[in-house]
Structures are given as structure tokens and as C-alpha cells.
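The values are calculated or read from the model by the stated rules, or taken from the named source; none is laboratory data. Here the structure is a predicted model, which means the values were calculated and not measured. Please note: Cβ atoms are built from the backbone with ideal geometry, for glycine as well, and neighbour counts cover all protein chains shown.
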């Protein structure tokens with residue numbers, strides 16, 4: 001069984017993913033075929049519960065961390081691009 005996200009981890013995830021993170025997570029998980037055993041994607045409400053540490057899912061938590069990593073890389077690239085273009 002996966003360990004639930006802590007309150008601090010939850011805040012960091014929300015800060016990185018930004019407003020509307022539930023919908024973003026839903027689309028990301030669907031795109032990466034992280035669905036339930038019934039081949040149905042998790043609901044946004046369930047994703048909120050996982051991020052808030054109320055529920056756990058090893059697969060979904062791993063995908064959330066993958067998405068956070070991707071978003072951090074995108075933010076770093078954007079920052080570097082802005083610095084290059086605008087000084």
C-alpha cells in the first residue's frame with residue numbers, strides 16, 4: 001500500500017501544478033492510460049483526495065509525481081527561454 005501524501009507535499013504539488021490541477025491530472029492520467037482495473041479513469045474528486053492525502057494509490061501517486069517532474073522541467077525551460085530572449 002502506498003503512503004499518503006503529507007500536507008506539505010500536497011501544498012507543493014498544488015503550487016507546481018497550479019489552478020485547475022484536478023482537471024490537468026485527469027487529462028494526464030487518461031493520456032498515460034493510468035486507469036482503474038475496470039478500464040475507467042479515476043474521477044477528479046478521487047484525484048483531489050489522493051493529492052490531499054485522504055486516499056492512496058501507488059500507480060496514481062507515481063503518475064502525479066511524474067507530472068510534477070514534467071511541469072518543473074517545463075517551468076525551468078520557460079524561465080531559461082525568457083532569460084535568453086528578454087535578458
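Key figures for this structure:
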{"item": "Residue in the range 61-73 that is over 16 Å from residue 4 (Cβ atoms) and not in a helix (DSSP H, G or I) present", "result": "no"}
{"item": "Among the residues listed as 46, 21, the single one being at pLDDT 95 or above and either under 10 Å from the mean Cα position of the chain (by Cα) or over 22 Å from residue 72 (Cα atoms) (or both)", "result": "21"}
{"item": "Selected residue (only one of 29, 65, 82 is out of contact with any helix residue (DSSP H, G or I) (no Cβ under 7 Å at 6 or more places or on another chain) and surrounded by 12 or more Cβ atoms within 10 Å (Cβ to Cβ))", "result": "65"}
{"item": "Pairs with Cβ under 6 Å, 6+ apart, first in the range 24-51 and closer than 24 Å to residue 8 by Cβ, second part of a loop (DSSP other than H, G, I, E, B) and at pLDDT 85 or above", "result": "49/55; 50/57"}
{"item": "Hits in the range 32-48 - residues which are crowded, with 16+ Cβ neighbours inside 10 Å and out of contact with any helix residue (DSSP H, G or I) (no Cβ under 6 Å at 6 or more places or on another chain)", "result": "42, 46"}
